[in-house]
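The values are calculated or read from the model by the stated rules, or taken from the named source; none is laboratory data. Bear in mind that the values here come from a model prediction, so they are computed numbers and not experimental data. No Cβ is skipped: glycine too gets one built from the backbone with ideal geometry, and neighbour counts run over all protein chains shown.
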Amino acid sequence: MTMAQKQCLLRYLGYYAGDIDGLWGQQSQRATIDFQRAYMDTVDGIFGPETEKRILEVVASGEKPIADKMSATADWWKDIHYFTRAEFRCPCGKCGGFPVEPDEALVRLADKVRAHFDAPATVSSGVRCQAHNDELPGSTKNSYHITGKAMDFCVRGVSGATLLAYVKTLPVHYAYQINGSDFVHMDVN
């Protein structure tokens, strides 16, 4: 794939606004970073084989480009050390992944939890569209996941009870251990 083709794909999704000139500069790299933050776990600014594969998947899927929703929040994501936006996406495959954006305060708290335990964390549920939320057993109609203010997650090597005890020391609205597992639900107001 040529540099100009990469710029075209980034422009099509709304991440690149520069000239399609085939010259890979700061604007092209910034667009790549923004795309990776939206759709990938690895954010390195390099439009390599994995980014090429993912961008082609996104374009082929017909998903609505999500750059417009992300542009207002992209700045704070650069301060998040341990999570990417893609980890919070709705998994239904029908809504485009982000009917709403993950709440900044929630993601910052998750980053703090991850730093505290110094171990990898896994988000099992972040943002949910209403349809996906309604399909899940036990979910409530007005779940905070629908507003981007809730997440379910675990930290490798940390029991659910230990994780919950620490989360409750933070300024969260509500937190609980999920069915005695190592996963904890955390939401913010």
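Quick notes on this one:
- Scan of region 118-156 for residues that are part of a helix (DSSP H, G or I) and of a type in the set (A, V, I, L, M), ordered by number: ALA131, ILE146
- Meets criteria (more than 23 Å from ARG85 (Cα to Cα), at pLDDT below 95 and assigned by TED's automatic domain parsing to the domain that holds ALA110) for LYS168: no
- Within the option set ALA165, ALA161, ALA86, ALA115, being of a type in the set (Gly, Ala, Ser), on the phi < 0 side of the Ramachandran plot, without any contact (Cβ under 8 Å) to a residue 12 or more places away in the chain and not in a loop (DSSP other than H, G, I, E, B) holds for one residue only, ALA165.
- Condition met for GLU52 (outside the structural domain of VAL123 (by TED's automatic domain parsing), over 12 Å from the mean Cα position of the chain (by Cα) and modelled with pLDDT of 85 or more): yes
- Meets criteria (touching a residue at least 24 places away in the same chain (Cβ under 8 Å) and surrounded by 13 or more Cβ atoms within 10 Å (Cβ to Cβ)) for SER143: no
- Test: residue in region 141-153 that is modelled with pLDDT of 95 or more and within 12 Å of ASP182 (Cβ to Cβ): yes
- Across region 11-39, the qualifying residues are those that are in contact with a Gly (Cβ under 9 Å, 6 or more places away or on another chain) and over 17 Å from TRP76 (Cα atoms), and the one among them that is modelled with the lowest pLDDT is GLY18.
- Cβ-Cβ under 6 Å pairs, at least 6 apart or on other chains, region 50-62 side under 17 Å from CYS95 (Cβ atoms), far side not small (Gly, Ala, Ser): VAL58/TYR39
- Count of residues meeting criterion [touching a residue at least 40 places away in the same chain (Cβ under 8 Å), crowded, with 20+ Cβ neighbours inside 10 Å and within 22 Å of the chain's Cα centre (by Cα)] in region 1-36: 6
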